[in-house]
Amino acid sequence: KKEPSPNPSLPDDFLLSCFARISTLYYPSLSLVSKSFRSLLTSPELYKVRSLSDHTECCLYVGPVSILNCRSHTWSEGPSMRDDLYSLSASVVDEKIYVPFFQKKKKKKSLHVFDTETQTWDPVTIGLKDGFYNESIDGKFLVVASNKQVVIYDPKKVRWDAVRIRSRMDCNMDLSLLIYCEIDNVLYSAWGGGESSDGRWRELEGLVGLPELTSESCVRLADHGGKMAVLVSQNLSFYSRFSHKKVIWCGEISLERRNGGCEIWGKVEWFDHVLTVPAGCHVVKVLGVTV
């Protein structure tokens with residue numbers, strides 16, 4: 001009896017063309033099919049094909065440390081720094097990562113820049129002595145201090161400029177405690193709406209279906225392909241048998257300008273529980289990456 005011949009393997013170019021049309025959410029499952037599939041799914045060629053065929057998509061990544069290659073889904077350690085530093089904020093401007101740090105031993109603040117090309121850290125002088133949070137907007141690096149002082153660093157002009165923030169929140173809110181994200185050159189806050197180019201904070205209208213946030217809610221925002229991704233984590237009740245657990249919700253908000261751009265409305269596309277983790281886990285940074 002004649003044995004059947006094995007099926008011939010498909011050309012790599014054909015497979016890459018097929019994979020490029022599939023959402024990256026299915027890549028982990030596809031990589032289990034064979035070693036050749038796994039190799040193609042982590043290859044730089046696949047993401048070139050996705051880009052050329054206009055099949056890129058924005059994916060949401062959550063990560064606390066190290067460097068994540070969003071194409072191969074692999075972690076690598078970045079170069080270490082001399083001091084014992086602590087930071088919960090980072091921004092990218094012109095392929096450089098700006099990170100404000102708190103030096104635990106010296107108990108003072110400092111700002112460092114990581115050059116992604118040379119893989120080196122360099123300190124930057126900043127005239128803020130108080131605690132601060134940062135965000136990149138319109139190709140510039142914005143720093144908000146807890147004393148409500150705001151400065152913007154222009155890397156092209158190598159210059160710091162003070163910014164006056166006009167808002168009814170100025171008198172009763174600590175701006176450094178706000179959670180920020182930038183979408184289409186508008187700075188959004190978890191507690192304070194959106195801040196336009198004229199430096200004025202406005203309420204984000206709409207948002208029907210979004211649960212009320214409390215002081216115990218840990219909120220992170222990210223640009224997700226022009227929409228706002230919202231990640232909320234909170235420990236379960238101490239009196240619950242799941243008190244050692246933390247629940248994480250995720251949602252997506254579409255944004256629309258109205259009334260000649262003077263108003264920005266948000267529509268909650270969806271919001272749901274996505275993960276339950278040990279109570280000791282913390283969501284540090286959320287980033288939307290187009291791959």
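The values are calculated or read from the model by the stated rules, or taken from the named source; none is laboratory data. None of the values given here were measured: they were computed from a predicted structure. Counting neighbours? That spans all protein chains shown, and the Cβs are built from the backbone with ideal geometry, glycine included.
Restricted to region 171-188, and to residues there that are among the hydroxyl-bearing types (Ser, Thr, Tyr) and at pLDDT below 75, the residue that is farthest from Glu203 (Cα to Cα) is Ser176.
In region 12-42, the qualifying residues are those that are in contact with a Leu (Cβ under 8 Å, 6 or more places away or on another chain) and not in a helix (DSSP H, G or I), and the one that is nearest to Thr290 (Cα to Cα) is Ile22. Tell me the residue from Val277, Val284 that is touching a residue at least 12 places away in the same chain (Cβ under 8 Å), out of contact with any Cys (no Cβ under 7 Å at 6 or more places or on another chain) and outside any strand (DSSP E or B), please. After ruling out the rest, the residue left standing is Val284. Residues that are surrounded by 16 or more Cβ atoms within 10 Å (Cβ to Cβ), of a type in the set (Ser, Thr, Tyr) and modelled with pLDDT of 85 or more: does region 273-286 have at least one? No: zero hits. Taken across region 226-241, residues that are modelled with pLDDT of 75 or more and more than 23 Å from Val283 (Cα to Cα) do not occur at all. Count of region 141-157 residues, restricted to those that are touching an Asp or Glu at 6+ places or on another chain (Cβ under 9 Å) and either modelled with pLDDT of 70 or more or part of a strand (DSSP E or B) (or both), is 11.
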